[in-house]
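Structure first, commentary second.
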Ligand SMILES: Nc1ncnc2c1ncn2[C@@H]1O[C@H](COP(=O)(O)OP(=O)(O)O)[C@@H](O)[C@H]1O
Ligand SMILES: Cc1ncc(C[n+]2csc(CCOP(=O)(O)OP(=O)(O)O)c2C)c(N)n1
Ligand SMILES: [Mg+2]
């Protein structure tokens with residue numbers, strides 16, 4: 001059955017039981033504590049009881065053919081489950097990057113009539129499963145909106161709370177080290193393979209395993225919470241290490257140098273895929289160049305990027321660079337002391 005065969009209330013009747021079950025499970029886990037979500041989906045607004053600390057909020061949109069495809073060149077089909085999964089990772093990445101705990105999500109779905117009604121149920125399962133898989137055991141889904149559109153577009157708002165001062169981007173200091181936790185390059189690798197024709201992929205053993213870096217990224221929520229104890233500045237990497245490190249550098253008024261040797265640790269799991277993409281591109285880019293492009297400029301892994309005093313780097317973070325006092329507006333980030341020619345994802349020029 002297609003979306004166009006159903007009324008809005010019939011569609012909600014598919015979606016809401018999955019969300020309600022998720023919210024009930026959260027409430028069970030919170031036994032003994034006063035619930036944050038005191039009124040969930042069903043009324044004009046949700047009601048939250050954010051008891052203590054600072055409230056943080058963020059929003060992110062995924063649009064068909066800009067952020068995912070229903071069918072990729074590789075033949076893989078991204079369904080509602082994948083889109084729901086990634087919506088949660090994107091938003092919880094922003095909450096974690098402030099050092100905050102996710103509390104609830106609001107979900108807006110704009111869908112064309114030719115989408116299967118099961119897409120909506122899969123989306124609900126994907127967003128709930130991903131939230132739990134990231135360890136956000138207490139994060140409910142407070143409500144949302146449903147509408148018709150000419151392409152699939154999903155917008156999620158996340159609300160979080162922080163018992164201490166939220167970690168900003170603008171307080172890295174000269175002498176800090178810059179470190180990463182979570183995966184780097186896996187989402188860009190997945191994107192390149194998804195966009196590669198299936199017959200080119202058959203040389204690559206179990207090639208579908210690389211798709212998940214793009215379709216179901218793991219995120220790094222737990223690392224954000226750990227880093228909040230000692231990070232001077234933090235953000236999640238959505239647009240690529242170099243571009244996002246540039247945002248910390250600009251906001252903090254410092255320079256950052258990345259040590260390319262330190263990035264090699266992220267290359268290993270992606271090596272077989274880089275060889276395949278290099279061969280498909282007629283070796284115009286060597287496997288080594290592809291690995292560096294994925295790891296240094298690929299977005300969407302939602303790894304944590306943070307600046308710490310050198311003796312206060314938490315377990316799970318890999319030092320990839322250093323903060324210096326020289327801020328150069330035209331090149332706030334260098335790699336091995338030199339300007340890198342490609343810096344990352346930009347929605348409007350990329
Ligand atoms: N339409 C908008 N209205 C107000 N603020 C916006 C808008 N789009 C982006 N921003 C703000 O600009 C900053 C950068 O946005 P973005 O690159 O999407 O951040 P992030 O990578 O954390 O999702 C964020 O602080 C965001 O809130
Ligand atoms: C079809 C398709 N083309 C290109 C991309 C690559 N891509 C889309 S958005 C993006 C960067 C992240 O953007 P956004 O989710 O808007 O992150 P924000 O900076 O707002 O957190 C990248 C690398 C993709 N995922 N799918
Ligand atoms: Mg954004």
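Just so it is clear, none of the values below were taken in a lab; they were calculated from the coordinates. As the structure is a prediction and not an experimental result, all values here were calculated from the model. Glycine also receives a Cβ, built like all others from the backbone with ideal geometry; neighbour counts cover every protein chain displayed.
Is it the case that the range 59-79 has a residue that's within 16 Å of ligand 3 (Cβ to nearest atom), farther than 25 Å from residue 147 by Cβ, out of contact with any strand residue (DSSP E or B) (no Cβ under 6 Å at 6 or more places or on another chain) and in contact (Cβ under 8 Å) with a residue 12 or more places away in the chain? Among the residues of the range 59-79, not one is within 16 Å of ligand 3 (Cβ to nearest atom), farther than 25 Å from residue 147 by Cβ, out of contact with any strand residue (DSSP E or B) (no Cβ under 6 Å at 6 or more places or on another chain) and in contact (Cβ under 8 Å) with a residue 12 or more places away in the chain, which makes the answer no. Scanning the range 94-118 for residues that are more than 15 Å from ligand 2 (Cβ to nearest atom), crowded, with 24+ Cβ neighbours inside 10 Å and not in a strand (DSSP E or B) returns 99, 100.
What residue, of 135, 99, 143, 126, is closer than 26 Å to residue 51 by Cβ and out of contact with any strand residue (DSSP E or B) (no Cβ under 7 Å at 6 or more places or on another chain)?
On the way: 99 fails: out of contact with any strand residue (DSSP E or B) (no Cβ under 7 Å at 6 or more places or on another chain); 143 fails: out of contact with any strand residue (DSSP E or B) (no Cβ under 7 Å at 6 or more places or on another chain); 126 fails: closer than 26 Å to residue 51 by Cβ.
That would be 135, the only listed residue that is closer than 26 Å to residue 51 by Cβ and out of contact with any strand residue (DSSP E or B) (no Cβ under 7 Å at 6 or more places or on another chain).
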